[in-house]
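The numbers here are math on the coordinates, done by the rules we state, and not lab data. In this text, all values refer to a predicted model and were calculated from it rather than measured experimentally. A quick note on method: Cβ atoms are made from the backbone with ideal geometry, for glycine too, and the neighbour counts reach across all protein chains shown.
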Amino acid sequence: MLSFYTLFHKETLRVKKVAFQTLLSPILTALLYLLIFSHVLERHVEVYPGVRYTAFLIPGLVMMSVLQNAFANSSSSLIQSKITGNLVFVLMAPISYVEFFAAYVLASVVRGLVVGTGVYLAALWFAQPPLQSPLWIVLFAVMGSAMLGAMGVVAGIWAEKFDQLAGFQNFIIMPLTFLSGVFYSIHSLPDFWQGLSRFNPFFYMIDGFRYGFFGVSDISPWISLAVVGGCMLLLTGFALALLRSGYKLRS
Amino acid sequence: MFPAVDARQVHKHYGSLHALDGVDLRVEQGEFFGLLGPNGAGKTTLINLLAGLALPDNGRLSVMGCDVVKQYRDSRRLLGVVPQELVFDPFFTVRETLRLQSGYFGLRRNDAWIDEVMHHLDLADKADTNMRKLSGGMKRRVLVAQALVHKPPVIVLDEPTAGVDVELRQTMWRFIQQLNREGQTVLLTTHYLEEAEALCGRIAMLKHGQVVALDSTKNLLNSVTGCRLRLRLAGALPATLMPQVIEQKDGNYLLALPSYQALELLLAELRTAGVAVQEMSLQQPDLEDVFLRVMKVEHEEAQSC
Ligand SMILES: Nc1ncnc2c1ncn2[C@@H]1O[C@H](COP(=O)(O)OP(=O)(O)OP(=O)(O)O)[C@@H](O)[C@H]1O
Ligand SMILES: [Mg+2]
């Protein structure tokens, strides 16, 4: 248990030591998005009746930051440790593969939630979305960041170079995030794209998360919860199987 | 009593390369054991298998009776490995590194021992320095400290003195020898053969993934008969003695003698030839001779078949 906690602690300590890069800069990026999109679209778009576009946008941006940072945390920590070679200290320690996975994912959740909270608090200065049911908000933020943390573990194990990781980020994470309804409601999309969005797990995370703020969503939050939970289980199973086999970590 | 390290018919392939080819090795508790061999012999591979950094294709390995695959938690707790590569985590200071390492091994409050280890390895004044800012030799010392932080009964050192200055090498060996006297088993690989000769009670030599020699250091040294003679002559060496020459450089000769009796014959021959001896010294065979002979014999055998 202490081994697990120490690994988790190491991961969060790492985040703290480079907080400018891991916490502050993603918050600033999200605010930049908010500034630009709300400035351009505020007067033209009303997604939910009576809700200002900027207010609509905030939960999406918060969740996007949560997800991206959760992914970045486990994946970049793992690949850095692999490339610099210091992952051997963890691999030689009496740490089970389950503990290994849990520590990286939990640290990702923490970073995701801290960045998300930061973005939310800073965004309040621009608009104040309501808080209909905070429990849903927390639930989806935790599940979403855990899922992306698990994806980061898989990507971090698989990638051998930083550009492979960047490829994973640019060709999988980014499109899935941008096509998930961060900046719009999928009801405003043509039918084909609306149908396609339903295959995107990120859509459910953001939609469920937004439900917590407005009490309105494109899809029932229970369905979203089931989808996100299912994906989470699949990913966890996959990541654990990789770790158990020693794939790319224990030659 | 379980052996500290037990390897049985261990095989490891990397693609078509047979990195370990049926290694059998038993290191008893309390030994100071040397694992020698040329580059690429498979020493690090064997250590990686012990530490769980790689998995064996065949055969079994255990540390103090704990199988390194099935009982990996126990076997890893019993083992402290200094890796060959100079690896470190650039985010942390020396003390943080050692505290984290303690935590990985389940030790909560370990600062007293951490301080002691740092003191013995001359790291005390670097405790709060970031790893990035240490010199290569200092990083190597931190690696040694990391391996010792959980007081493992079996210490494995993969070329721990590469790049470490003479003074520190001595303090480090004093510390390791003290631990060994207190009962900890030490398994050492090194390319400094004098070091192995001075420290190790038993030595195994590895070549192409096979154990080609395994005996006490004393027996290995005795296995090389005769001695070496270094001569400085006023004139040229008589032609009859030429076959015994190992090295020759303007008037300086290094000759191999099969026995001490051969020395008399040699001197007689020099006198008959009227060549005056200006300098002369006898050398005992050392581990390097043993090493070269073992590796050479193996080489010739390999060529003849
Ligand atoms: N991960 C790996 N992938 C492929 N080949 C490997 C790997 N690790 C080691 N080898 C090969 O296995 C053989 C044994 O290597 P090993 O590192 O065990 O040698 P060594 O005895 O430690 O040598 P040195 O004295 O140079 O450290 C070498 O031919 C090496 O190229
Ligand atoms: Mg080696």
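Where in the stretch A:82-168 are there chymotrypsin sites (Phe, Trp or Tyr not before Pro) that are in a DSSP coil and have at most 11 other Cβ atoms within 10 angstrom of their Cβ?
Of the chymotrypsin sites (Phe, Trp or Tyr not before Pro), the ones in loops of the stretch A:82-168 whose Cβ has at most 11 other Cβ atoms within 10 Å are A:W125.
I need B:V166, B:V81, B:V224 ordered by Cβ neighbour count within 10 Å, fewest first.
Fewest-to-most Cβ neighbours within 10 Å comes out as B:V166, B:V224, B:V81.
Considering only DSSP states other than H, G, I, E and B, which trypsin sites (Lys or Arg not before Pro) in the stretch B:80-173 qualify as loop sites with at most 16 other Cβ atoms within 10 Å?
Here the trypsin sites (Lys or Arg not before Pro) that fit, given the DSSP loop and packing criteria, are B:R108, B:R109.
Could you pull out which residues in the stretch A:58-87 have an amide N less than 19 Å from a spot 7 Å beyond the Cα of A:K161, following the Cα-Cβ vector?
Within reach of a label on A:K161, which here means backbone N under 19 Å from a point 7 Å along Cα→Cβ, the stretch A:58-87 contributes A:76-85.
What number, in percent, do you get for the relative contact order of the stretch B:225-284 if the mean sequence gap of Cα pairs under 8 Å and at least 6 apart is divided by its residue count?
So the answer I get is 53 percent.
Within 10 Å of each Cβ in peptide B:103-112, how many partner chain Cβ atoms are there on average? Round it to a whole number, please.
Across the residues of B:103-112, the mean count of other-chain Cβ atoms within 10 Å is 4.
Before anything else, pin down the relative contact order of the stretch A:1-133: Cα pairs under 8 Å, at least 6 apart, normalised by residue count, whole percent.
About 42 percent, as a whole number.
Once every DSSP H run of n ≥ 4 in chain A is given -39500 (n - 2.57) and the sum is divided by its residues, what mean residue ellipticity at 222 nm do you get, rounded to the nearest 500 deg cm²/dmol?
So the helix-based figure for chain A works out to -24000 deg cm²/dmol.
When chain B is modelled as a GNM with alpha-carbon springs shorter than 10 Å, which of B:P56, B:P90, B:P238 fluctuates the most?
Highest fluctuation of the listed residues: B:P238.
Are there GluC sites (Glu not before Pro) in the stretch B:67-170 that DSSP marks as loop and that have at most 16 other Cβ atoms within 10 Å, and which are they?
Passing sites in the stretch B:67-170 are B:E85.
List the residues, sorted by chain then number, that are 5 or more residues from B:A213 or on another chain and whose placed amide H is less than 5 Å from its amide H.
B:M205
For the protein assembly as shown, give the share of DSSP beta bridges that are antiparallel, in percent and rounded to the nearest 5; count only bridges with both residues there.
70 percent
In a GNM of chain A with a 10 Å cut-off on Cα contacts, which of A:F192, A:F183, A:F20 has the highest mean-square fluctuation?
It is A:F192.
May I ask you to sort A:R43, B:R232 by Cβ crowding, counting other Cβ atoms within 10 Å and putting the fewest first?
A:R43, B:R232
What list of ³J(HN,Hα) couplings, whole Hz, do you get for the stretch B:216-229 from phi and the Karplus terms 6.51, -1.76, 1.60, once you set θ to phi - 60° and write x for glycine and proline?
5, 4, 4, 4, 4, 5, 5, 5, 8, 7, x, 8, 10, 10
Evaluate the relative contact order of chain A (contact order divided by residue number), counting alpha-carbon pairs under 8 angstrom at least 6 apart; express in whole percent.
25 percent
Which one of B:G40, B:G183, B:G15 has the biggest mean-square fluctuation once chain B is modelled by GNM with Cα springs under 10 Å?
Evaluated over chain B, the most mobile residue of the options is B:G15.
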